[in-house]
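K.L.:
Supplied in structure tokens, the structure appears directly below.
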């Protein structure tokens with residue numbers, strides 16, 4: 001295993017399509033729920049402990065070798081919003097393209113055949129981590145960090161927020177990312193014995209509702 005692979009996978013420049021998605025931040029900015037660094041931190045913290053935790057556990061389970069079809073079904077069940085399910089599959093399809101170029105793998109090829117329209121992004125992320133020689137905890141970290149770094153980057157563009165302030169938000173969330181990643185990895189380790197019911201199903205109803213509204217906007221900067 002090479003630790004540098006983790007840096008490549010977590011790098012915002014990895015061409016997985018995340019730059020086109022705000023993780024719900026665009027809708028939150030328009031609704032006035034994100035106005036500055038403090039409210040961005042509140043938003044990211046809430047996202048980390050809900051959708052971030054779920055994504056981290058799914059990714060960790062995939063990296064540990066759990067059935068990706070079962071994990072994709074579990075992701076569907078944990079994503080009530082059609083708009084978010086659609087976005088997750090688009091992101092998964094783009095990530096899979098990048099992953100197959102970076103770390104060719106029979107498992108990634110099988111996933112592409114099983115999901116021609118794209119699997120959920122956390123599942124793809126986990127299998128990508130596996131192909132790169134990373135473990136479940138590494139995959140959980142990637143997913144958890146992405147759940148907060150995506151909105152933080154988007155808000156810099158949406159509000160012209162000082163990038164230093166956005167980076168400080170991510171730094172303050174570091175300990176929480178550690179805890180969420182550890183909890184996600186522990187849950188994923190139980191999947192072989194308990195099935196996907198062992199995975200967390202933390203809910204974020206406002207993100208789901210906002211995603212449906214955002215998808216209907218005639219003009220928007222981000223896809224989600």
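K.L.:
Across region 30-41, what is the total count of residues that are surrounded by fewer than 24 Cβ atoms within 10 Å (Cβ to Cβ) and under 18 Å from the mean Cα position of the chain (by Cα)?
P.N.:
First, the residues of region 30-41 that are surrounded by fewer than 24 Cβ atoms within 10 Å (Cβ to Cβ): 30-33, 35-39, 41.
When the remaining residues are screened for being under 18 Å from the mean Cα position of the chain (by Cα), the result is 41.
The qualifying residues number 1.
K.L.:
Out of the residues in region 1-13 that are under 14 Å from the mean Cα position of the chain (by Cα) and touching a residue at least 24 places away in the same chain (Cβ under 8 Å), state the one that is nearest to residue 103 (Cα to Cα). Even if it seems obvious, please write down each step before you answer.
P.N.:
Residues of region 1-13 under 14 Å from the mean Cα position of the chain (by Cα): 9-12.
With the extra rule that they be touching a residue at least 24 places away in the same chain (Cβ under 8 Å), the set shrinks to 9-10, 12.
Details: 9: 11, 10: 14, 12: 17 Å.
Here the answer is 9.
K.L.:
Of the residues 101, 112, which single one is surrounded by fewer than 16 Cβ atoms within 10 Å (Cβ to Cβ) and farther than 25 Å from residue 178 by Cβ?
P.N.:
Details: 112 fails: surrounded by fewer than 16 Cβ atoms within 10 Å (Cβ to Cβ).
It is 101.
K.L.:
Taking interchain pairs and intrachain pairs at least six residues apart, which have beta carbon atoms under 7 angstrom, with the first residue in region 205-224 and within 19 Å of residue 159 (Cβ to Cβ) and the second outside any loop (DSSP other than H, G, I, E, B) and at pLDDT below 90?
P.N.:
Going by the 7 Å Cβ cut-off, the qualifying pairs are 222/20; 223/20.
K.L.:
For residue 67, which of the numbered conditions (1) at pLDDT 95 or above; (2) under 26 Å from residue 187 (Cβ atoms); (3) in contact with a helix residue (DSSP H, G or I) (Cβ under 8 Å, 6 or more places away or on another chain) fails to hold?
P.N.:
Going through the list (1) at pLDDT 95 or above; (2) under 26 Å from residue 187 (Cβ atoms); (3) in contact with a helix residue (DSSP H, G or I) (Cβ under 8 Å, 6 or more places away or on another chain), residue 67 breaks only (3).
K.L.:
Just to be sure, is residue 22 without any contact (Cβ under 8 Å) to a residue 60 or more places away in the chain and more than 21 Å from residue 99 (Cα to Cα)? Explain how you work it out, then say what you get.
P.N.:
Details: without any contact (Cβ under 8 Å) to a residue 60 or more places away in the chain: no; more than 21 Å from residue 99 (Cα to Cα): yes.
No: the conditions fail for residue 22.
K.L.:
Another question, then. Among the residues of region 1-13 satisfying the criterion of being assigned to a helix (DSSP H, G or I) and surrounded by fewer than 13 Cβ atoms within 10 Å (Cβ to Cβ), which is modelled with the lowest pLDDT? So that I can check it myself, show each step before the final result.
P.N.:
We begin by selecting, within region 1-13, every residue assigned to a helix (DSSP H, G or I); these are 3-10.
From what's left, surrounded by fewer than 13 Cβ atoms within 10 Å (Cβ to Cβ): 3-4, 7.
Working: 3: 75, 4: 87, 7: 86.
It comes out as 3.
K.L.:
Also, I was wondering about something else. Under 24 Å from residue 179 (Cβ atoms) and modelled with pLDDT of 95 or more, is that true of residue 46? Please lay out each step first, then the result.
P.N.:
Values: under 24 Å from residue 179 (Cβ atoms): yes; modelled with pLDDT of 95 or more: yes.
In short, yes.
K.L.:
In addition: Could you list, in sequence order, the residues of region 52-65 that are more than 12 Å from residue 176 (Cα to Cα) and crowded, with 24+ Cβ neighbours inside 10 Å?
P.N.:
The initial filter retains those residues of region 52-65 that are more than 12 Å from residue 176 (Cα to Cα), namely 54-65.
Across region 52-65, the qualifying residues are 54, 55, 56, 57, 58, 59, 60, 61, 62, 63.
K.L.:
Which count do you get for residues in region 32-53 that are in a loop (DSSP other than H, G, I, E, B), out of contact with any helix residue (DSSP H, G or I) (no Cβ under 7 Å at 6 or more places or on another chain) and either more than 13 Å from residue 168 (Cα to Cα) or free of Cβ contacts under 8 Å to residues at least 12 places away in the same chain (or both)?
P.N.:
First pass over region 32-53, keeping only residues in a loop (DSSP other than H, G, I, E, B): 32-36.
In the following step, the residues that additionally are out of contact with any helix residue (DSSP H, G or I) (no Cβ under 7 Å at 6 or more places or on another chain) were identified as 32, 35-36.
Of the ones still in play, those that are also either more than 13 Å from residue 168 (Cα to Cα) or free of Cβ contacts under 8 Å to residues at least 12 places away in the same chain (or both) are 32, 35.
Final tally of qualifying residues: 2.
K.L.:
For region 205-224, what are the residues that are part of a helix (DSSP H, G or I) and surrounded by fewer than 17 Cβ atoms within 10 Å (Cβ to Cβ)?
P.N.:
Across region 205-224, the qualifying residues are 205, 206, 209, 212, 213.
K.L.:
Would you confirm whether or not region 120-129 contains a residue that is within 28 Å of residue 205 (Cα to Cα) and surrounded by fewer than 24 Cβ atoms within 10 Å (Cβ to Cβ)?
P.N.:
No; the residues of region 120-129 include none that is within 28 Å of residue 205 (Cα to Cα) and surrounded by fewer than 24 Cβ atoms within 10 Å (Cβ to Cβ).
K.L.:
Pick from 16, 27: which is surrounded by 14 or more Cβ atoms within 10 Å (Cβ to Cβ) and under 16 Å from the mean Cα position of the chain (by Cα)?
P.N.:
Details: 27 fails: under 16 Å from the mean Cα position of the chain (by Cα).
After applying the criteria, what remains is 16.
The values are calculated or read from the model by the stated rules, or taken from the named source; none is laboratory data. Since this is a predicted model, take the numbers as computed values, not measurements. When we count neighbours, we look across all protein chains shown, and the Cβ atoms used for this are built from the backbone with ideal geometry, even at glycine.
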